[in-house]
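The values are calculated or read from the model by the stated rules, or taken from the named source; none is laboratory data. Predicted model, so just to flag it, every value in this text is computed and none were measured. Heads up: the accessible areas ignore ligands, DNA and RNA and are worked out on the full protein's heavy atoms, side chains in. Shrake-Rupley method; radii C 1.70, N 1.55, O 1.52, S 1.80 Å.
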Amino acid sequence: MEQWFTIEKIDDETFAISEYGHWEKMHSYLIVGNEKALLIDTGLGIGNIKKEVEKLTNFPIIVLTTHFHWDHIGDHKRFDEIYINELEKDWCLEKFPVPEKIVKNNLEPKNFSKKPPEEFDLEKYKIFKSDKVKYIKDDQIINIGNREIRAMHTPGHSPGHMCFFEEERGYLFTGDLIYSGTLYAFYPTTDPIKFKNSVEKISKIKGIKKILPAHNELKINIDIIDEILKAFEKIESENKLEQGNGIFQFSNFKIHI
């Protein structure tokens, strides 16, 4: 049977855990230290990501959440230590911004290019809720022994969106802020001005060697950060950086405002 997850090695202690069988083409990331391991996002909740993680490390797992959207928190239920941005704590408790019915529509068979795992039961699917999560702040350092990851608050796609940067290796985990495809800033909970400011913020980071996005193509050039910033600046210069102005097409991506 075809495997649901695709494991791609970034280096000997860093792995992309990808779900190419769904149109979201979601990537979660495992960062293994010598004391603990970090899992950035838990994906769609279609397959058991914890089983995949346990094939790669025996260390305790800390889950870091780029943002509290359904496609990034699908398997949070399987983990004990979870961090989110406090600005999205209400979403984690009861006020998730998208009705569960709409989320389930995204998990219908028509959205799959692979057969989902046999244990996946859409009828039993529930959006993760918990009052036991921990909160992560801008510029906070997460130390897992021999590796340090810096959290960066990058709102725009969502109020509490976070990117994560490992300075020593030059890895920037960009969530839904930077990837090839359509960048979304048109939902009620998004903010195109904050989105642009967040792109500008990460464009100033020194030493980025690799971008590790949450969706679509895994291998993208770091120049895309400057390209996206220039795109936002162009839209702003045309006085169109406000919701309702539609989709703007650029060479490697689109921006939906």
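Running Debye on region 86-222 with equal point scatterers at the Cα sites and no solvent, what base-10 log of I(q)/I(0) appears at q = 0.12, 0.13, 0.16 Å⁻¹?
Once normalised to I(0) and log-transformed, intensities are -0.61, -0.72, -1.05.
Report the antiparallel proportion of the DSSP beta bridges in region 68-182 as a percent, rounded to a multiple of 5.
Antiparallel bridges: around 85 percent, rounded to the nearest 5.
Quick one: what are the phi-derived ³J(HN,Hα) couplings along region 218-232, Karplus 6.51/-1.76/1.60 with θ = phi - 60°, whole Hz, x for glycine and proline?
3J(HN,Hα) across region 218-232, in whole Hz: 7, 9, 10, 6, 5, 5, 4, 4, 5, 5, 5, 4, 4, 5, 5.
Express as a percent, rounded to the nearest 5, the fraction of DSSP beta bridges in the chain (both residues included) that run antiparallel.
65
For region 1-82, give the share of DSSP beta bridges that are antiparallel, in percent and rounded to the nearest 5; count only bridges with both residues there.
70
Residues with amide H under 5 Å of HIS22's amide H, sequence separation 5 or more or different chain, H placed in the peptide plane at 1.01 Å from N; which?
SER113
Counting only residues 5 or more places away or on other chains, whose amide H sits under 5 Å from the amide H of LEU212 once H atoms are built in the peptide plane?
Residues meeting the amide H criterion: LEU172, PHE173, THR174.
Not counting ligands, DNA or RNA, and with a 1.4 Å probe, what is TRP23's accessible surface area in Å² rounded to the nearest 10?
120
Would you kindly derive the ³J(HN,Hα) couplings of region 132-145 from the backbone phi angles with the Karplus curve 6.51 cos²θ - 1.76 cosθ + 1.60 (θ = phi - 60°), listing them in order in whole Hz, with x for Gly and Pro?
10, 6, 9, 10, 10, 10, 4, 6, 6, 9, 10, 9, 10, x
Can you list the lysines whose alpha carbon is less than 18 Å from that of LYS101, not counting same-chain residues fewer than 8 positions off?
Cross-link targets: LYS110, LYS124, LYS126, LYS129.
Would you mind telling me the share, in percent, of accessible area of the chain contributed by carbon and sulfur at probe 1.4 angstrom?
The computed percentage sits at 46.
Helix-only mean residue ellipticity at 222 nm, the chain, DSSP H runs n ≥ 4 weighted -39,500 (n - 2.57), per residue, nearest 500. What is it?
-5000 deg cm²/dmol
Amide H of LEU183: which non-local residues (sequence gap of 5 or more, or other chain) have their own amide H closer than 5 Å, using H built in the peptide plane?
LYS254, ILE255, HIS256
So if I take the centroid of the Cα atoms in region 55-96 and the same for region 178-204, what is the distance between those two points in Å?
Value for the Cα centre distance between the two parts: 21 Å.
Per residue of region 185-197, in order, report the coupling 6.51 cos²θ - 1.76 cosθ + 1.60 (Karplus, θ = phi - 60°) as ³J(HN,Hα) in whole Hz, putting x for Gly and Pro.
Each residue's phi maps through the Karplus curve to give 9, 10, 5, x, 8, 9, 8, x, 5, 5, 4, 4, 5 Hz.
Relative contact order for region 137-257: what percent, with Cα pairs under 8 Å and sequence separation of 6 or more?
That works out to 24 percent.
Could you grab the relative contact order for the chain? Cα pairs under 8 Å, six or more apart, rounded to a whole percent.
Relative contact order, the chain: 15 percent.
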